[in-house]
1. In the set (1) 2, 8, 9, 12, 10, 9, 8, 7, 6, 6, 5, 4, 3, 3, 2, 2, 1, 1, 1, 1, 0, 0; (2) 2, 10, 19, 21, 17, 12, 10, 6, 3, 1; (3) 2, 9, 18, 22, 20, 15, 9, 4, 1, 0, which value of P(r) over Cα pairs in 5 Å bins from 0, in percent was calculated from the structure you see?
2. Using a 10 Å cut-off on Cβ atoms, rank the peptides 87-100, 54-67, 4-17, 108-121 from the highest mean neighbour count down.
3. Quick one: putting +1 on the C-beta of Lys and Arg, -1 on the C-beta of Asp and Glu, what dipole do you get for the range 4-123 around its Cα centre, in Debye to the nearest 20?
4. Which listed residue (Ala118, Gly51, Tyr15) has the Cα farthest towards the positive end of the charge dipole for the range 4-123, taking +1 on Lys and Arg C-beta and -1 on Asp and Glu C-beta about the Cα centre?
5. Just check the range 65-125 against the gyration tensor rule for me: Cα atoms, a ≥ b ≥ c as the square roots of the eigenvalues, rounded for a/c under 1.5, and otherwise prolate or oblate depending on whether a/b exceeds b/c.
6. So what J values fall out for the range 107-118 if you push phi through Karplus, 6.51 cos²θ - 1.76 cosθ + 1.60 with θ = phi - 60°, rounded to Hz, Gly and Pro as x?
7. Stretched out fully, how many nm does the piece from Val54 to Arg91 gain, at 0.36 nm a residue minus the Cα gap?
Amino acid sequence: MRNPDYLADELLNDYESSGEASLLDHAGAILDSEEPEVRRYPMLHFLLENGRKVAREIESEEPVFCYYVNRVQLVLALADGLGGSGLKERRYLQREYAETAWGERIGSVSARAQERLAVLRGSGG
């Protein structure tokens, strides 16, 4: 879920099961922007306490970096207590992820997620 298109697609999955409008809004904000094309992450990084302190300072001095904090909060909400194996299983439900050969670049789901968003917006839930 570190790539915006996958995050949006998972938000749409949760919207379909819960009907929670904010999930559709978050997915729409991601897919209506250039985010899926310009913000793809090769790996997650974890911070120790000193790193967290620096990150908080950067966030307060440069609010544009709040983007990363907001995305982490969405990912944590979607993970909702799933452990590593549960998250791995969820990743492999994505055809593009599951069918990618080892060492190859994982394909984007932007087009599919945008189509789903349009349908869900049109249906009103």
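1. Entry (3).
2. Highest to lowest by the protection proxy: 4-17, 108-121, 87-100, 54-67.
3. In debye, rounded to 20, the range 4-123 gives about 300.
4. Positive-end residue among those listed: Gly51.
5. Oblate, since a/c reaches 1.5 and b/c is not below a/b.
6. Whole-Hz 3J(HN,Hα) from phi for the range 107-118: x, 7, 10, 4, 4, 5, 5, 5, 5, 4, 4, 4.
7. 10.2 nm
None of the figures in this text is laboratory data; all of them are computed from the coordinates on show. Not measured: the values here are computed from a predicted model. Every residue, glycine among them, receives a Cβ derived from its backbone with ideal geometry; neighbour counts consider all protein chains shown.
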